[in-house]
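One structure below.
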Amino acid sequence: MRQAALVVSRTLGMLAAEVKEGAIPAKLDEMAEAYIREQGAEPGFLGLYGCPSTLLISVNETVVHGLPGNRPFESGDVVSIDCGAVLNGYYGDHAYTFEVGEVAPETKKLLQVTKEALYKGIEQMKAGNRLGDISYAIQKHAEDHGFGVVRDLVGHGIGKKLHEDPQVPNFGKKGWGKKLKEGLVLAIEPMITLGSYRVKQLKDGWTINTVDGKPAAHFEHDVAIVNGQPEILSTFDYIYEALGITANA
Ligand code: MG
Ligand code: MG
């Protein structure tokens, strides 16, 4: 599963250098598909539930499930790229939100807090804790900063299928829900909004936008419980290397 996750990590790292003003989402999708196949893996999303693309590219008010189109990125855009891959029968699935050019300060803050919320959730993924401990940690961090926590979409178990039980909400109560056990693998993925957490699906049957049109951020890791502790199978290191930034930037 780590190998499948790292196929996605390397693909996001390759894309990190390409997400800039004027770049065309549909072109990034083609590049990602080729790069995943070069690594001996297959795209994880393409064809699944009828998904027409390798990447889901969600710009600004699109929270998740944006289909890669032909509108070039502009300075000020925030671009979430979600990518899946299958290797040796196992899925990897992770996501990062990139900045294009000059992004408004409150939107930059949204991205930072969403990424922090992801790690706050991951810290709670220990044997003996409960699912609600992860959910609560994510929700608390986002709401403490005045941001919205999307309710209609959640994280999930991952393995031989992209989406397995249990669902992993980004909101919930400490000490509630299923007990976390050794060997569990989850895709933890906070979807956090600048304004209201309410979302709507567009008529294409995929794109999920904020109702108020304000931007959203989405960061996702695949995480396993190993020796009772959370071990992150995916990595943002390839992205940081491509962008020339450190983990805390
Ligand atoms: Mg994903
Ligand atoms: Mg996912």
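The values are calculated or read from the model by the stated rules, or taken from the named source; none is laboratory data. Being a predicted model, the structure only gives us computed values, none of them experimental. A quick note on method: Cβ atoms are made from the backbone with ideal geometry, for glycine too, and the neighbour counts reach across all protein chains shown.
How about the range 155-217: which strands (runs of 3 or more DSSP E) wholly inside it have at least 2 residues that are surrounded by fewer than 21 Cβ atoms within 10 Å (Cβ to Cβ) and either aromatic (Phe, Trp, Tyr) or on the phi > 0 side of the Ramachandran plot (or both)? Quick ask: steps written out before the conclusion?
Details: elements: 155-157, 164-168, 185-188, 191-193, 199-201, 208-210.
Because the criterion is at least 2 residues that are surrounded by fewer than 21 Cβ atoms within 10 Å (Cβ to Cβ) and either aromatic (Phe, Trp, Tyr) or on the phi > 0 side of the Ramachandran plot (or both), no strands (runs of 3 or more DSSP E) in the range 155-217 meet it.
Please specify each residue of the range 125-160 satisfying the condition of being in contact with a Phe, Trp or Tyr (Cβ under 7 Å, 6 or more places away or on another chain) and either modelled with pLDDT under 95 or more than 16 Å from ligand 1 (Cβ to nearest atom) (or both). Explain how you work it out, then say what you get.
Start the filter on the range 125-160 by keeping residues that are in contact with a Phe, Trp or Tyr (Cβ under 7 Å, 6 or more places away or on another chain), which leaves 130, 132, 135, 139, 148-151, 158-160.
Scanning the range 125-160 gives Arg130, Gly132, Ser135, Gln139, Gly148, Val149, Arg151, Lys160.
Quick test of your reading of the structure: His221 fulfils all but one of (1) under 18 Å from Ser9 (Cα atoms); (2) in a loop (DSSP other than H, G, I, E, B). Name the failing condition by number.
(2)
Looking only at residues in the range 64-83 that are more than 12 Å from ligand 1 (Cβ to nearest atom) and in a strand (DSSP E or B), which one is nearest to Ser234 (Cα to Cα)?
Val79
Test each condition in (1) more than 15 Å from ligand 2 (Cβ to nearest atom); (2) free of Cβ contacts under 8 Å to residues at least 12 places away in the same chain; (3) not hydrophobic (A, V, I, L, M, F, W, C) for His163 and report the one that comes out false.
Result: His163 passes all but (1).
Given the options Val103, Val86, name the one that is touching an Asp or Glu at 6+ places or on another chain (Cβ under 9 Å), under 23 Å from Asp29 (Cβ atoms) and in a loop (DSSP other than H, G, I, E, B). Don't jump to the end; show me each part of the working.
Numbers: Val86 fails: in a loop (DSSP other than H, G, I, E, B).
Answer to the selection: Val103.
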